[in-house]
Each structure stands twice: as structure tokens, then as C-alpha cells.
Amino acid sequence: MTCSILVGGAWGDEGKGKCITYLCDADKPDIIARAGVGPNAGHSVEFNGEKYGLRLTPSGFVHTDAKLMIGAGVLVNPDVLFKEFEDLKKYNVKERMCVDPRCAIISEDHMNRDKSSEHLAKKIGSTGSGCGPANSDRVMRTIDLARDIPELEDYITDVSLEVNEAIDNGEDVFIEGSQGFALSLYYGSYPFVTSKDTTASTFAADVGVGPTKVDEVIDVFKAYISRVGEGPFPTEMTQEEAESKGLEEYGVVTGRRRRIGYFDMELAKESCRINGATQIALTCVDRLFDCARVQNYDELSAETKAFIEDIQTETGVPVTIISTGPDLKDTIDLRKELL
Ligand code: GTP
Ligand code: IMP
Ligand code: MG
């Protein structure tokens, strides 16, 4: 029995999508539950030569025997969810999906308020997905919940009950966080943050799992850093520098160009500490070093190994997963050796 939580280490877009699909395909958990803020997320999954950009469906959908769940803490936009049911038809996502009755619902009004707000859209650089205004209405206790929405009736399930029963029965549960540590409303670069805490403890609460039930916290970092939206970014490089290194990126939800910077060890240490990380997954190592598609640690250059070992030493957390490309196969999995 293992209950794992995967979290973003920095400002989101660390490649959580790739790590989740790899881990769920390899470990085959019984339940894969989505935690985090809501459809402001954009997880990229590349599987069997196809690319998916997911906003609400758990990225572990590729493991087709798992039940898929959305925890009570997550904001749901039914239109986004139903579109993903269509896009992922061949994976039977619709048939496997459970939505907690206590999820709050994003309406057209929330999206309009998000996009038209000078503060959210311009100063913070929000995704415009309605998450901020929806969480605000949730705090005001005026928002509709999933249990009030007839279109969601077929999916309504007590996610917390199912997940806890699965844990008690010795099954494996994988909880997917979204966004990233530095976007946390509590611990991030306030006010340039998202509308909720984004650390492992909140992700556990999102699906209704108590802290004593969690075995592993996997903190995902990219070998460099990206940030979309406004706010401080201590290790940011110039656009020219990012381009010369081939590190340009664009957002999955908004299509905005991402700001790029160097790996930030101080941020990584804080992220591991506050998340209680037990493992680090390091992605896009091939984009910084010449190691595309390498699947064996011994084949990495001395420079690459030194970079990885430095992260391990400084954070005190083992780097168990090293990603060297977008495909599931482009992964070095050191869990057997290091755990
Ligand atoms: P979250 O927003 O944190 O969930 O991350 P994400 O999955 O959304 O990351 P993003 O959308 O930024 O995806 C990063 C892109 O890089 C996607 O196209 C991935 O398929 C790809 N990718 C993920 N891991 C690697 C890697 O190790 N190497 C390379 N070259 N690409 C990767
Ligand atoms: P909001 O969550 O849409 O309110 O956006 C607030 C801030 O968080 C903005 O800077 C967004 O760009 C950022 N943000 C929210 N979700 C994500 C994500 O999944 N990846 C990257 N940035 C995000
Ligand atoms: Mg993303």
C-alpha cells in the first residue's frame, strides 16, 4: 500500500504531466486523484505518439485500470471536463471519472470577472480560467457545488471516502498536485501567486486524506525554471539568453511565452522542506545537457551527474526520477537503487 502525492517544485510547468504518466504507467495505482486549484493548470502528456494538454483530468489516465477522481478542494469547470471526456474517449476517461459532490463550480461569470479584472488579469497575470473569483466566492460561501449541478450527477462520488477505503484495503493511491510551490497563496511570491496553497498538505486535504496516510511526496523540478505571469524571479535570464540555449516555452492554457531562468537551489530547498518531499523528480535534463532519451544513469556526463548530485546534497532529498525527453520511455528511474 502506498499513498503518494506529486507536487510542483517551482512556478508550475515543471513537467508534472510527464512524471505522472510515467509513474502511473509504471506503478499502476488503483486510484489516481486530482488535487490542486482547478482548470488554471495545463499538464502536457505525450503518450503513444499523441500529445494531450489536460486541465482537469488526472494525467495518470493512461493507466486505464485506475479509477480517476477529482477531490473536493478542486474547482471544476464542467465544460472543460466534458471536452476532455471527448478528447480522451479512447481511454474511457468518462466511464472512470468520479467528482466529489463538494467540488466548487466555475461559472461563465467567474471567467469574465477573472479576465476583466485589472488586478487579476494585468497585475498578477492570471490564467483567466475563473479560478481566483471562484475561490473568492467559495470563501464567501456563495458558490454552487458539484452536488447542485444536474449534468454532473453521474460522476458524483464521495472521493474522500473512496480514497480512504482504498488505503485501508491496502491499495495504491496517487494524488496529483497542480501549479507549483512558488505559486502558493501562503508560501509563494505573494501577491503574484494563485488563489490557494499549493503544497502537499493542501493537496492531501483536497482529496480528503489525513497526513498520517501519506507515504511519499514527489517534488518535481525542471533542470531550469520557467514562470508565466508577473512577479519576482530571482534567477531569471534574458529572453536572448533563453533563446540562445534553446529554452523557449509557451503556456498550455494561455499560449503565453514563459519567462526562463536558471535552477534556483534556495527555492528548491524551501520547496522540499515545506512539501516534506521524500523524492525529487528532475525533468528536461536533456534541454540543459546533452542527454536526450538516455535511460541509464551511467550514460550521463560527469557534468550532468554533478548537477544532479548537487541538488541531492543541498536539499537532502534523493533525485529518484530523471527525465531526458517528453516520452514515457525517456526516463531514468533510480527508485530501486535509492529508496
Ligand atoms: P505542469 O504544468 O507542471 O503539469 O507541467 P506540465 O506537464 O504542464 O509541463 P509543460 O506543459 O510545461 O510541459 C512541458 C513540455 O515539456 C511538454 O511538452 C512535455 O511533454 C515536455 N517534457 C516533459 N518532460 C520533458 C523532458 O524531460 N525533456 C523534454 N525535452 N521535454 C519534456
Ligand atoms: P490564476 O491561478 O489563474 O489566478 O493565476 C495566478 C498566477 O498563477 C499567474 O501568474 C498564473 O500564470 C499562475 N499559474 C496558475 N496556474 C498555473 C499553472 O498551472 N502553471 C503555471 N502558472 C500558473
Ligand atoms: Mg503546465
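The single condition among (1) out of contact with any Cys (no Cβ under 9 Å at 6 or more places or on another chain); (2) within 23 Å of S59 (Cβ to Cβ); (3) more than 16 Å from ligand 3 (Cβ to nearest atom) that V285 does not satisfy is (1). When each of G53, G60 is tested for being within 16 Å of ligand 2 (Cβ to nearest atom) and under 18 Å from V252 (Cα atoms), the lone residue that passes is G53. Of the residues making up region 64-81, those that are farther than 21 Å from P133 by Cα and in contact (Cβ under 8 Å) with a residue 40 or more places away in the chain number 3.
Filtering V214, V173, V163 for residues that are open to solvent by less than 10 Å² (accessible area, probe 1.4 Å) and in contact with a Cys (Cβ under 6 Å, 6 or more places away or on another chain) leaves a single hit, V173. For region 82-102, filtering for residues that are within 21 Å of E162 (Cβ to Cβ), free of Cβ contacts under 8 Å to residues at least 12 places away in the same chain and basic (K, R) leaves 1.
Scanning region 1-28 for residues that are buried (at least 24 other Cβ atoms within 10 Å of the Cβ), part of a loop (DSSP other than H, G, I, E, B) and more than 9 Å from ligand 3 (Cβ to nearest atom) gives G9, A10, W11. In summary, I175 fulfils each of the numbered conditions (1) touching a strand residue (DSSP E or B) at 6+ places or on another chain (Cβ under 6 Å); (2) within 13 Å of ligand 1 (Cβ to nearest atom); (3) among the aliphatic types (A, V, I, L, M) with the single exception of condition (2). Scanning region 81-105 for residues that are buried (at least 17 other Cβ atoms within 10 Å of the Cβ), within 30 Å of E230 (Cβ to Cβ) and out of contact with any strand residue (DSSP E or B) (no Cβ under 7 Å at 6 or more places or on another chain) gives a single hit, L81. How about region 29-45: which of its residues are part of a loop (DSSP other than H, G, I, E, B) and within 16 Å of ligand 2 (Cβ to nearest atom)? Matches in region 29-45: A35, G36, V37, G38, P39, N40, A41, G42. Only a single criterion out of (1) more than 16 Å from ligand 2 (Cβ to nearest atom); (2) open to solvent by less than 10 Å² (accessible area, probe 1.4 Å) is not satisfied by N48, namely (2).
The values are calculated or read from the model by the stated rules, or taken from the named source; none is laboratory data. Everything numeric in this text was worked out from a predicted model, so none of it was measured. Because the Cβ atoms are built from the backbone with ideal geometry, glycine has one as well, and the counts that use them run over all protein chains shown. Surface areas here come from the heavy atoms of the whole protein model, side chains and all, with no ligands, DNA or RNA. Shrake-Rupley method; radii C 1.70, N 1.55, O 1.52, S 1.80 Å.
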